[in-house]
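Trainee: I have a structure I would like to understand better, so I am pasting it below and will then ask my questions one at a time.
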Amino acid sequence: MTAFEFFFSFYGLLLGFSVAELVGGFARVLHERKHVRFGALTPLLAIFVAMDIATFWVQAWVIFRNAPFNFALLVLGLVVASVFYVAATLVFPRDIKASPALDDHFWQQRSLILLCVLGANVLMIGLVFAVAGPNGELQAVLGQRWYGTVFFVTLTSIAAFVRGRTPMLALLGALVLYHGYNVSLAVISLVERGGWSLLQAPAVAP
């Protein structure tokens, strides 16, 4: 087992709990859909949090695949994944009957949720600067992606405190589109590489 495999067996498990919380919360809402007033804010927030969690799986491969085994990195993974778990548990109400209007629940929890997401991202950005800066690799790591990082941090910070349904919808919509844009770039890259073969596999000795 490599250092990355050992790290990710722990980190990925914790991130998986966050996804399970989001999906479970959505399932609870669907189960009680006759008694729920949905609105647009909570679904947008759930999509944003889910897509941001997915980016951390990608970042784990990019950032940690060459990292040595280190207890401090394991603790950092614990902190980041735990922060995401807290955010995921707050997106949907635990008691649907006590909070039938999802928009009301959203306004009660959105600051904490968005600050948790922002905090996890800032921790990872700090790690990138701490590791890549002294090694002279910062430009190679960030490249032209720095503007996306600034865009994400700025909009998430504003969304954590802004008041008003219309500006909040605009901010969450922009953040979801930002993640969607990154997904589209990944799709284009996959298509340009010709995808992958489902029939070819490494030969197995008899």
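The values are calculated or read from the model by the stated rules, or taken from the named source; none is laboratory data. Just so we're clear, the structure is a prediction, and the values are computed from it rather than from any experiment. A quick note on method: Cβ atoms are made from the backbone with ideal geometry, for glycine too, and the neighbour counts reach across all protein chains shown.
Trainee: Among the candidates 60, 98, 88, single out the residue that is small (Gly, Ala, Ser), modelled with pLDDT under 90 and either over 24 Å from residue 177 (Cα atoms) or touching a Leu at 6+ places or on another chain (Cβ under 7 Å) (or both). Full working, then the answer.
Mentor: Numbers: 60 fails: either over 24 Å from residue 177 (Cα atoms) or touching a Leu at 6+ places or on another chain (Cβ under 7 Å) (or both); 88 fails: modelled with pLDDT under 90.
It is 98.
Trainee: Can you confirm whether region 2-23 contains a residue that is surrounded by 13 or more Cβ atoms within 10 Å (Cβ to Cβ), free of Cβ contacts under 8 Å to residues at least 40 places away in the same chain and in contact with a His (Cβ under 9 Å, 6 or more places away or on another chain)?
Mentor: No, because not a single residue in region 2-23 is surrounded by 13 or more Cβ atoms within 10 Å (Cβ to Cβ), free of Cβ contacts under 8 Å to residues at least 40 places away in the same chain and in contact with a His (Cβ under 9 Å, 6 or more places away or on another chain).
Trainee: Anything in region 157-175 that is surrounded by 17 or more Cβ atoms within 10 Å (Cβ to Cβ) and touching a residue at least 24 places away in the same chain (Cβ under 8 Å)? List them, or say none.
Mentor: Those that are surrounded by 17 or more Cβ atoms within 10 Å (Cβ to Cβ) and touching a residue at least 24 places away in the same chain (Cβ under 8 Å): 159, 160, 168, 172, 175.
Yes/no per residue for (1) assigned to a helix (DSSP H, G or I); (2) at pLDDT below 90; (3) farther than 25 Å from residue 88 by Cβ:
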| site | (1), (2), (3) |
| --- | --- |
| 127 | yes, yes, no |
| 143 | yes, yes, yes |
| 177 | yes, no, no |
| 197 | no, yes, yes |
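Trainee: Filter region 32-57 for residues that are within 18 Å of residue 94 (Cβ to Cβ), in a helix (DSSP H, G or I) and modelled with pLDDT under 90 and give the result.
Mentor: Matches in region 32-57: 33, 35.
Trainee: Just checking, does region 76-85 include any residue being surrounded by fewer than 18 Cβ atoms within 10 Å (Cβ to Cβ) and closer than 24 Å to residue 158 by Cβ?
Mentor: Checked against the condition, which is being surrounded by fewer than 18 Cβ atoms within 10 Å (Cβ to Cβ) and closer than 24 Å to residue 158 by Cβ, region 76-85 yields no hits at all.
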